[in-house]
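Enquirer: So that we are looking at the same thing, I have put the structure below in structure tokens.
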Amino acid sequence: MTSTSLTQQVLVIAAHPDDEVLGCGGTIARHADNGDEVWITIVAEGATSRQQHRNRDEASEELSKLTQSAQKASVILGAAGVELLDLPDNRLDSIDRLDVIKQIEAKIELHKPQVVYVHHSGDVNIDHRRLHEAAVTACRATPGNCVKRLLSYEVCSSTEWQPPYSAPAFHPNWFVEISAQWDRKLEALNAYNSEMRRWPHARSIEAVGHLAHWRGAQVGVETAEAFCLLRNIV
């Protein structure tokens, strides 16, 4: 991704609070540094899938903390704002796909992004997969659609946990150097300290760092985030 004099509207679609930072936090910050307006939409609530039965009242304190974390992280990264839709955590497969599509279409209509980021289609997390499918439909290339570039991102503790041949593998073909934004990505991850785990868990600060440095090494830079470019209209 190169800097341009023309600013862009960007929409980052994430399943759960922290996915947006894990998958493309550095890229969000780089867009902001380039003068782009970045909006983050987090579709599912997080936390309640850890209960035996979903109960938002019992999880209200944890959900409130996640909302505060999402807001803090978005400020750190320089996003224009973050919106949380509060659909049930790890249960998007229980909701009609059309209902999820319509919510994403509403955000596209509101923000009119030229660039959209969403989860990879082969993640082990069901919400990630359903959200990818919904976003692809919402961003379909109809005449006059504002979305010109559509990319999918990887998330530690989901993308790499999918066994080979069980789903499409993540083979990135688009890399964004985030060396100048790396410290802010780390700060944003620390805002989600309740969601991070201790090394050697895949969702640890150390693991995220190893991945970022490996993605950077793949393209000859210090630190990078990797994506699959799904569509690009120029």
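Enquirer: How much net charge surrounds Leu85 when only other residues with a Cβ under 12 Å from its Cβ are counted (Lys, Arg +1; Asp, Glu -1)?
Expert: With Lys, Arg at +1 and Asp, Glu at -1, the neighbours total -4.
Enquirer: With +1 on the Cβ of every Lys and Arg and -1 on the Cβ of every Asp and Glu, and nothing else charged, how large is the dipole of the stretch 9-232 about its Cα centre, in debye rounded to the nearest 20?
Expert: The calculation lands at about 420 debye.
Enquirer: Let me ask another. With the Cα gyration tensor of the stretch 83-144 in hand, give its eigenvalues times 5 under a square root as the equivalent ellipsoid semi-axes, listed largest first in whole angstrom. Each step should come with its number before you reach the end.
Expert: Values: eigenvalues 78, 34, 23 Å².
With the √(5λ) rule applied to the stretch 83-144, the semi-axes are 20, 13, 11 Å.
Enquirer: After finding the eigenvalues of the alpha carbon gyration tensor for the chain, what semi-axes result from the square roots of 5 times each, listed largest first in whole Å?
Expert: The equivalent ellipsoid of the chain has semi-axes of 24, 22, 18 Å.
Enquirer: Continuing with the same structure: By a straight-distance test (C-alpha under 28 Å), which lysines pair with Lys102 as possible cross-link partners, with residues fewer than eight away in the same chain excluded?
Expert: Within the straight-line limit of under 28 Å, Lys102 reaches these lysines: Lys65, Lys72, Lys112, Lys148.
Enquirer: I want the local charge near Asp123. Using Cβ-Cβ distances under 12 Å, sum +1 for each Lys or Arg and -1 for each Asp or Glu among the other residues.
Expert: Taking every other residue near Asp123 into account, the sum is -3.
Enquirer: Same structure again: Ranked highest first by the average count of other Cβ atoms within 10 Å around their residues, in what order do 142-150, 7-15 fall?
Expert: 7-15, 142-150
Enquirer: Right, here's the next one. So how do 221-228, 106-113, 16-23 stack up, highest first, on mean other-Cβ count within 10 Å?
Expert: Highest mean packing first, the order is 16-23, 221-228, 106-113.
Enquirer: May I pose another question? Cα centroid distance between the stretch 101-150 and the stretch 173-192, in Å?
Expert: 22 Å
Enquirer: Another question about this same structure. Please report the antiparallel percentage of DSSP beta bridges with both residues in the stretch 9-232, rounded to the nearest 5. Provide the component values of the computation, followed by the final result.
Expert: Numbers: 9 of 28 bridges.
DSSP beta bridges in the stretch 9-232 are roughly 30 percent antiparallel.
Throughout, read-outs are computed from the coordinates displayed, never taken from laboratory work. Bear in mind the structure is a predicted one, so any value in this text is a computation, not a measurement. Note: ideal-geometry Cβ built from the backbone for every residue, glycine included; neighbour counts use all protein chains shown.
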